[in-house]
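Visitor: There's a structure below that I have some questions on.
The values are calculated or read from the model by the stated rules, or taken from the named source; none is laboratory data. On a predicted model such as this, the values are computed, not experimentally measured, just so you know. With ideal geometry, Cβ positions are generated from the backbone for all residues, glycine too; neighbour counts draw on all protein chains shown.
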Ligand SMILES: [Zn+2]
């Protein structure tokens, strides 16, 4: 059961616990285990907010009234775009090699495999698959470290059930209500976070009544679009026909868009469902929720916006009583490359002076360390004197680089280095969590 730092220090001092892992800091009690009579833990629950670049994970305790207190916050940073770029680059290099005037290469068409996600028969794009698999891997790790009794997943952006044919059924948008938050998420997805009047993205968007409310326009989703603040104010109470009089093409597009329901709602949420089903397959009681509800909870309970705090607000929440001062940022760094020969920018192998391909060193471990290990180096003298803790990059020469939280120190002799934790494909960083009193 997760405990407070002060109690953890006390347990370690008295010798009742020993360190199991350095990051995240895990201790293990030595004098009791699950079979000891009288040992009973309440357990914690896990909230997950899956995203494309970040996924939030929150371990929390719940009171009988449904009030939540977070004990651990994790911001998992994915490498989806890196994977997509690497796959595109590989495909282009292969295509280039095939069409260039080189020796004959037999076409290879049957050597590509489609891996289903563990326990699922769904195929996902490699970048998407990575997101599901890493999040799952963290669910498994947290299960080993803490007594998880239930999982809450934000499985969809908005509730497709409640919003079945919202354009016809007429879900009302009213600011501050749960239905209003669902409707807003629906509109954000439908209009792809873009202003319909000027195509601006990445700016704050307002809900705009196409037929102004002062002219009898309804609150229904079929009368709503997204507009940036400038366009929203410029349009004001004008009918859309007047506001877009000089741009008939856009006017037609906006009007057609109003009638068109969001077709690919299922596709939008496919990754989240893949994750949800995979967690269910692990045997956890899983409760699904929507992005609209998360945002509603966050607003009602005055919780600031971070990925991990979003995870704390997933599902039915009656109150949020507190959260840790720091969030653990876990970045997927990978475990190195499969590539045996580096290529130049044209896709040709880098060669040595005599023209043979320069093979990448197959050995990963040098002087007992591998790139990615968490180490502490105590350098007694010289320019690099001091204690450095961080991720090591090894060289066969024994001259290592160490990347700390602030900088990279080059050329540290392996003799000064001691292992803290083996590399596991992630880098760890701790950042202060927002408290909500920032402004
Ligand atoms: Zn605009």
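Visitor: Given the conditions (1) in the same structural domain as residue 216 (by TED's automatic domain parsing); (2) under 22 Å from residue 206 (Cα atoms); (3) free of Cβ contacts under 8 Å to residues at least 24 places away in the same chain, which single one is not true for residue 298?
Guide: With (1) in the same structural domain as residue 216 (by TED's automatic domain parsing); (2) under 22 Å from residue 206 (Cα atoms); (3) free of Cβ contacts under 8 Å to residues at least 24 places away in the same chain applied to residue 298, the lone miss is (1).
Visitor: Could I ask something else about it? Could you grab me the full set of residues in the range 237-249 that are farther than 20 Å from residue 217 by Cα and surrounded by 11 or more Cβ atoms within 10 Å (Cβ to Cβ)? Let's see the steps before the verdict.
Guide: From the range 237-249, those farther than 20 Å from residue 217 by Cα are 246-249; that's our starting set.
247, the sole residue that qualifies.
Visitor: Let me ask something else. For the range 175-276, please list each of the helices (runs of 4 or more DSSP H) lying entirely inside it that holds at least 1 residues being touching a helix residue (DSSP H, G or I) at 6+ places or on another chain (Cβ under 9 Å), within 16 Å of the ligand (Cβ to nearest atom) and touching a residue at least 24 places away in the same chain (Cβ under 8 Å).
Guide: Result: 178-190, 229-235, 240-243, 248-259.
Visitor: Follow-up question, since we're still on this one. Hey, can you tell me all the residues within the range 393-426 that are over 32 Å from the mean Cα position of the chain (by Cα) and either within 21 Å of residue 75 (Cα to Cα) or not in a loop (DSSP other than H, G, I, E, B) (or both)?
Guide: Hits for the range 393-426 are 399, 411, 412, 413, 414, 415, 416, 417.
Visitor: Quick one: which residue in 437, 424 is at pLDDT below 95 and exposed (fewer than 14 other Cβ atoms within 10 Å of the Cβ)?
Guide: When all the criteria are applied, what remains is 437.
Visitor: Taking into account only those residues within the range 354-389 that are free of Cβ contacts under 8 Å to residues at least 40 places away in the same chain and at positive phi, which is surrounded by the most Cβ atoms within 10 Å (Cβ to Cβ)?
Guide: The qualifying residue surrounded by the most Cβ atoms within 10 Å (Cβ to Cβ) is 386.
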